[in-house]
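**Student:** Take a look at the following structure, please.
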Amino acid sequence: RPRVAAAGAGPAGIACAYPRLLRGFQVDVIETADQAGGMAQIGIPSYRLPKDTLALETDIIVDLGGRFLFGQQLGRVFDIVELFARGYKAVFLGLGCQTGMRLGVAGEDAARAGYFSGIDFLLKVHDHVDGTASLSVEGEVFVVGGGNVAMDCVRSAVRLGAKKVHVIYRRTLEHMPADPDEVKAAMEEGVEFHTLANPTRILTENGKVVGIEIARMEQSEPDDSGRRRVRVVEGSETVLAADNLIAAIGQQVEDGDMIEDDGV
């Protein structure tokens, strides 16, 4: 039987392996972690995606004769050239985007406590729920971003006992890319939304987040997609007291340079 490898046991790797197993291929799904599911397993709160439901999807691979090879990281334990040398006829890269993007604002480098990327925060939430590490969220929590990761962060912060949770989003509520039901649920849970606003500076004391400076934004001419651009309103900066700040503005591939070394 032809052998193929899927690097990454998240939704993409599972979706690659499943139809090939049905067609009689021998499929190995190679994963860095010790369990399947990828960010769906450890990055989406269980109130949104029950883990037993996810297990039904990943267990299908083994039921069909596929193998999970856990604890093997691309670029460290193996590389793409080595996979072909092992005899795989094709390799699928479903690596995911597990590194959060930085805000790129003043004071970010000094923020060592009370500052998280959206992905890092959700991983800590997962560990807390899993009982492997405790997480306490207190005081005023600000989440920058308007996607589903941002909504997962604010709704998780509410469940962890934060005094008040805020969303900062640079465009209007109508332009927010998160699922409308998630936005509605966050509002019903008491999350405060600051739209047409953007962070310009993070305030810290001895490395601990104590505040965030935000500026008002205004809409301008449409871009090539037809969506109106936004720009900062000069002199509109305001400082808000904050105990925790979460940057949920996007994700990127982890160790992408290791893949580029293999010509990808």
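The values are calculated or read from the model by the stated rules, or taken from the named source; none is laboratory data. A quick note: this is a predicted structure, and the numbers were derived from the prediction, not measured. Note: ideal-geometry Cβ built from the backbone for every residue, glycine included; neighbour counts use all protein chains shown. These accessible areas exclude ligands, DNA and RNA; they are computed on the full protein's heavy atoms, side chains included. Shrake-Rupley method; radii C 1.70, N 1.55, O 1.52, S 1.80 Å.
**Student:** Of the residues that sit in segment 14-41 and are free of Cβ contacts under 8 Å to residues at least 40 places away in the same chain and among the charged types (D, E, K, R), which one is farthest from Ile61 (Cα to Cα)?
**Tutor:** This residue is Asp34.
**Student:** Within segment 199-215, restricting attention to residues that are in contact with a Lys or Arg (Cβ under 8 Å, 6 or more places away or on another chain) and closer than 27 Å to Val230 by Cα, which residue is surrounded by the fewest Cβ atoms within 10 Å (Cβ to Cβ)?
**Tutor:** This residue is Glu213.
**Student:** So, one more: Filtering segment 216-241 down to residues that are part of a loop (DSSP other than H, G, I, E, B) and open to solvent by less than 90 Å² (accessible area, probe 1.4 Å), which residue is nearest to Arg112 (Cα to Cα)?
**Tutor:** Glu237
**Student:** Restricting to segment 89-109, what's the tally of residues that are open to solvent by less than 40 Å² (accessible area, probe 1.4 Å) and either part of a helix (DSSP H, G or I) or in contact with a Lys or Arg (Cβ under 8 Å, 6 or more places away or on another chain) (or both)?
**Tutor:** Qualifying residue count for the region: 3.
**Student:** Out of all the residues in segment 110-146, which are among the small types (Gly, Ala, Ser) and buried (at least 19 other Cβ atoms within 10 Å of the Cβ)?
**Tutor:** Ala111, Gly114, Ser117, Gly118, Gly145, Gly146
**Student:** Residues Gly145, Gly207: which one is farther than 22 Å from Ile42 by Cα, touching a residue at least 40 places away in the same chain (Cβ under 8 Å) and among the small types (Gly, Ala, Ser)? Spell out how you get there, then give the answer.
**Tutor:** On the way: Gly145 fails: farther than 22 Å from Ile42 by Cα.
Only one candidate qualifies: Gly207.
**Student:** Restricting attention to segment 41-88, and to residues there that are among the basic types (Lys, Arg) and within 11 Å of Asp28 (Cβ to Cβ), which single residue is surrounded by the fewest Cβ atoms within 10 Å (Cβ to Cβ)?
**Tutor:** As a first pass, look at segment 41-88 and keep what is among the basic types (Lys, Arg): 48, 51, 67, 76, 86.
Within this subset, residues satisfying the condition of being within 11 Å of Asp28 (Cβ to Cβ) are 67, 86.
Working: Arg67: 13, Arg86: 11.
Checked segment 41-88; the qualifying residue surrounded by the fewest Cβ atoms within 10 Å (Cβ to Cβ) is Arg86.
**Student:** Further question: Suppose the filter is under 15 Å from the mean Cα position of the chain (by Cα) and within 20 Å of Gln251 (Cα to Cα); does Ile168 pass it?
**Tutor:** Working: under 15 Å from the mean Cα position of the chain (by Cα): no; within 20 Å of Gln251 (Cα to Cα): yes.
Against the criterion (under 15 Å from the mean Cα position of the chain (by Cα) and within 20 Å of Gln251 (Cα to Cα)), Ile168 does not qualify.
**Student:** Give me the pairs, please: first residue somewhere in segment 218-238 and within 15 Å of His175 (Cβ to Cβ), second residue anywhere and outside any strand (DSSP E or B) and not β-branched (Val, Ile, Thr), beta-carbon distance under 6 Å, and either six or more positions apart or on two chains.
**Tutor:** As it stands, the answer is Arg229/Asp223; Val230/Arg170; Val230/Arg171, since those pairs meet every condition given.
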